[in-house]
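What follows draws every value from the coordinates through simple rules; no lab data is involved. Because the structure is predicted, anything quoted here is derived from the model rather than measured. Note: ideal-geometry Cβ built from the backbone for every residue, glycine included; neighbour counts use all protein chains shown.
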Amino acid sequence: MRPHKIEERTLAFRIDLGGTRHCFPDLRSLLAAATPLRSGDALAGLAAQSAEARIAARLILADQPLDLFLSDPVVPYELDEVTRLICDTHDAAAFSGIRHLTVGAFREWLLDDRTGGAAIAAAARGITPEMAAAVSKLMRNQDLVAAARKISVVTRFRNTIGLPGRLSTRLQPNHPTDDPRGIAASVLDGLLLGSGDAVIGINPAGDDTGTIATLLHMLDEIRLGLKMPGQTCVLTHVTNTMDLIRQGAPVDLCFQSIAGTEDANRGFGISLALLDEAWDATLALGRGTLGDNVMYFETGQGSCLSSESHHEVDQQTLECRAYAVARRYRPLLVNSVVGFIGPEYLYDGKQILRAALEDHFCGKLLGLPMGLDICYTNHAEADQDDMDVIATVLGVAGVTFIMGVPGSDDVMLGYQSTSFHDALYLRDVLGLAPAPEFAEWLQTVGVTDTHGRLVRSDQALAAFGSLPLLGDLRA
Amino acid sequence: MSAPVERGLLARLRTETTARVALGRVGPAVPTSVALDFQLSHARARDAIRQELLRGQFVPEFPGRQVIELHSRAAAREAYLMRPDLGRRLDDAGRGALAGLNAELVVVLADGLSATATAAHGPPLARAIFERATGWRTGPPIVAHLARVALGDEIGELMGAQLVVMLIGERPGLSSVDSLGAYITWQPKIGRQDSERNCVSNIRPPHGLSIEQAASEIVRIAQEARLCRVTGVELPAALANLRRKLDGDGPAD
């Protein structure tokens, strides 16, 4: 429903603290000022002017009714189709249980012992991205873990992703020149280490649909040859994927990078209408055996500012708005590529950790199967120790999936993500298992023993027999 | 420690890709040598990021030529990393240093995210470009500190240049810390978009493009840009249009 502007919209938000008056002219500047410090908001000139001003903004924000976010969108309804999507699909019935709450009380409701995951899930369609962003700004890291941990979002294509006690991985076998043999080598390496239940997903180096079709056929042959209960994807633009579907290439999932404003999405070459078309085309293939969650989205804080389409809104609120785009399409997988964008948006390990926990919590709160690409570039103030902490904390928070990159080193994209081994570590220390169908398959083919532990890779190789392009593995 | 068969697999997969495959496993972790090898690669990338070009470092590289040194508005490395906008503009001294200078083709050697790359490949590449750009009045080589790609726009504009070639250190990857990029911009001026530039990347002998290959490619693009009076995404269409016009098969639009 189109929002009716209320009178407060024109009034500044203000609070007096010990003789100092803190003023914020509108809701978007209040949200920005309340955000934990990060370099991207400072770059945009939106960060709080002082540490005290940041807390002043939180004090004001805590007292705002959730209702306010329905009447005062941070990006104008007339200007932006993402705002229209948020307003027009808001579920008033789902909202009715929490509509009486302020943002501060919403935090307490989420953390309350009496509020279970089912109650939160039931409210999801009544929660707007701006409400999710607002409450997250009042939450410490431990709150983001504790609340997210309650929520399970389960999706299905050829296996079941997101069940409690499970941790899935996207096997990411990228190669600098899209060489199929090189990619097959990384796929095999990952499968031998139990990776790939969320998806085997290649970022291609180029846009050539002929090359992409070759890769799709190769992945499909590997999947079918090994009778693997999972799905594959080449992460290219939706228009390429639609071309490939028309050509009859074996497309399991349709991928797209998305952002939180219409302008930023235009920068990605997409609109909601185009995503609708891509979703329909992929659904029509009917290739899922257990379910019809066919979309895979990637997001990341800072993408709107980097394309100068942020409408003076802080990067974390905009990230949540991308989740509103995602949830329209009931995706199988969504992940934030949290540390990829660089230090001008998230400066160091502390800022990347905070953003990772926000993205995971807000995504789950809005009903998404949220994974994280726990990663960093070489010009960020971060290293493997930071990634270990982020992965461990996200594992405790119940992250749906993480990446699996050979040795953490993506030789095509030039950044460091989590490795096959990192996922083994998380499963080991937190007692987590892959998706049930995939875990069973790993046992059947002999990669794991009856206790789910990895066996020696030479024994597993013998069980695999052969793989397209790599030939007889027992030789 | 690795079993013989695993070593066989390792050898085989390693020949198929430069990715870090078949690393072996101890419990859920990688063997010690693998962990330290990764740390060494990351340390080298970090050092490359922190490396700075020394003032006067390139003077001996260009005998008989004046070398101009400029700074962006970023005061230090941290500000440079956090505020890309500061790295895109010259400080006041830099603007002053360019007063009275004029050239058709300006070559800038910029540190970017890897001074290691600029130090290694910048001077020979600049010399090779000067040698090949025979139809152009080239100015003195410009050395830019704490620079982003777009700093070349302001430099070129102040020098009244037709074209600026920005040679700049690319963000170091884990296995390549010395990769240089060349960004070529027609009629440089403040506010040019990335879509208005051509890029020759991965200049990194002996693993990537050689100096000769890169210089030839850069000068070829420069000459095409001069003919079409444009660089960037519009250049291919402008070239095709020009060819049609020259061949006389059909009206040019």
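Here are the numbers:
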quantity: Angle between chain A longest axis and helix A:209-225 axis [Cα atoms, degrees, rounded to 10]; calculated: 70
quantity: Net charge of neighbours whose Cβ lies under 13 Å from the Cβ of residue B:130, counting Lys and Arg as +1 and Asp and Glu as -1; calculated: +1
quantity: Per-residue average of Cβ from other chains inside 10 Å of A:458-465; calculated: 2
quantity: Rounded Å value of the spacing that divides the Cα centres of segment A:348-375 and segment B:207-241; calculated: 42
quantity: For residues of A:407-420, the mean tally of beta carbons on other chains within 10 Å; calculated: 5
quantity: Extreme residue, positive dipole direction of segment B:59-238, given options B:155, B:215, B:174 (C-beta unit charges); calculated: B:155
quantity: 222 nm mean residue ellipticity, helices alone, for chain A (DSSP H n ≥ 4; -39,500 (n - 2.57); rounded to 500); calculated: -13000 deg cm²/dmol
quantity: Acute angle (nearest 10 degrees) that the helix A:349-365 long axis makes with the longest principal axis of chain A, alpha-carbon atoms; calculated: 90
quantity: Among B:116, B:105, B:205 the positive-end extreme of the charge dipole of segment B:59-238 (Cβ point charges); calculated: B:105
quantity: Charge context of residue A:148, other residues only, Cβ under 14 angstrom, K/R +1, D/E -1; calculated: +3
quantity: Of all DSSP beta bridges in the protein assembly as shown, antiparallel share, percent nearest 5; calculated: 40
quantity: Chain B: relative contact order in percent, alpha carbon pairs under 8 Å with at least 6 residues between; calculated: 17
quantity: Separation of alpha-carbon centers, segment A:63-126 and segment A:146-179, rounded to whole Å; calculated: 26
quantity: Candidate lysines - alpha carbon under 20 Å from residue A:364, same-chain residues fewer than 8 apart omitted; calculated: A:137, A:150
quantity: Cα centre as origin, Lys/Arg/Asp/Glu Cβ charges: the protein assembly as shown dipole, Debye; calculated: 460
quantity: Rounded to 5, percent antiparallel among DSSP beta bridges of segment B:59-238; calculated: 45
quantity: If the convex hull is drawn through the Cα atoms of the protein assembly as shown, its volume per residue in Å³; calculated: 184
quantity: Partner chain coverage, peptide A:339-348 - average Cβ within 10 angstrom; calculated: 2
